[in-house]
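Notes follow once the structure below has been shown.
The values are calculated or read from the model by the stated rules, or taken from the named source; none is laboratory data. Fair warning: this is a prediction, and the values are worked out from it, not measured in the lab. Virtual Cβ from ideal backbone geometry, glycine too; neighbours counted across all protein chains shown.
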Amino acid sequence: MNLNWAEGDAIIAKDTQTNRSCGVIPGAAIGHITCTKNNLISFELPAITEANKYSKRIEGRCTAENFAANFKLHPFVGNNKGYIAGSHFSKKFPEDFF
C-alpha cells in the first residue's frame, strides 16, 4: 500500500462501494491531493454521475489507509503544485458525503 503520496499528485477513484455511495464514479474524473499532514490526506475530486455529468466537487479528508483503499495515483497525469493547500478540508470522507 502506497502511503507516500505528495501534495499536488493527481488521483483517480478506485471502484469501491464507498466511492459509489458518495457519488464518485471510479476513474471518471481526475482529482488532486491538497494536503498530507498528521496521517490525513485531503483531496479534491469532481463527482461525476453515471451519465457523465458533473454534479458536485468533493473536497474532503480521510486517513491515509482509507485514502489508499479508495483512490490511486493517476498513471498519466503528473504532480501539479497549484493544488497544494496549507491545511486540511473540514469534511470527512466518506462520512460527510453519503
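Yes/no matrix, rows are residues, columns are (1) at pLDDT 95 or above; (2) of a type in the set (A, V, I, L, M); (3) part of a strand (DSSP E or B):
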| site | (1), (2), (3) |
| --- | --- |
| Thr34 | yes, no, yes |
| Ser42 | yes, no, yes |
| Pro46 | no, no, yes |
| Ile58 | no, yes, yes |
| Gly78 | no, no, no |
| Gly86 | no, no, no |
Checking Ala64, Ala6, Ala10 in turn, the sole residue that is closer than 23 Å to Ala85 by Cα, at pLDDT 90 or above, loosely packed, with under 12 Cβ neighbours inside 10 Å and of a type in the set (A, V, I, L, M, F, W, C) turns out to be Ala6
Expected output for segment 13-30 (first residue within 10 Å of Pro94 (Cβ to Cβ), partner of a type in the set (A, V, I, L, M, F, W, C) and surrounded by fewer than 17 Cβ atoms within 10 Å (Cβ to Cβ), Cβ below 8 Å, 6+ apart or cross-chain) is Thr16/Ala69; Thr18/Ala69; Ser21/Phe98; Cys22/Phe98
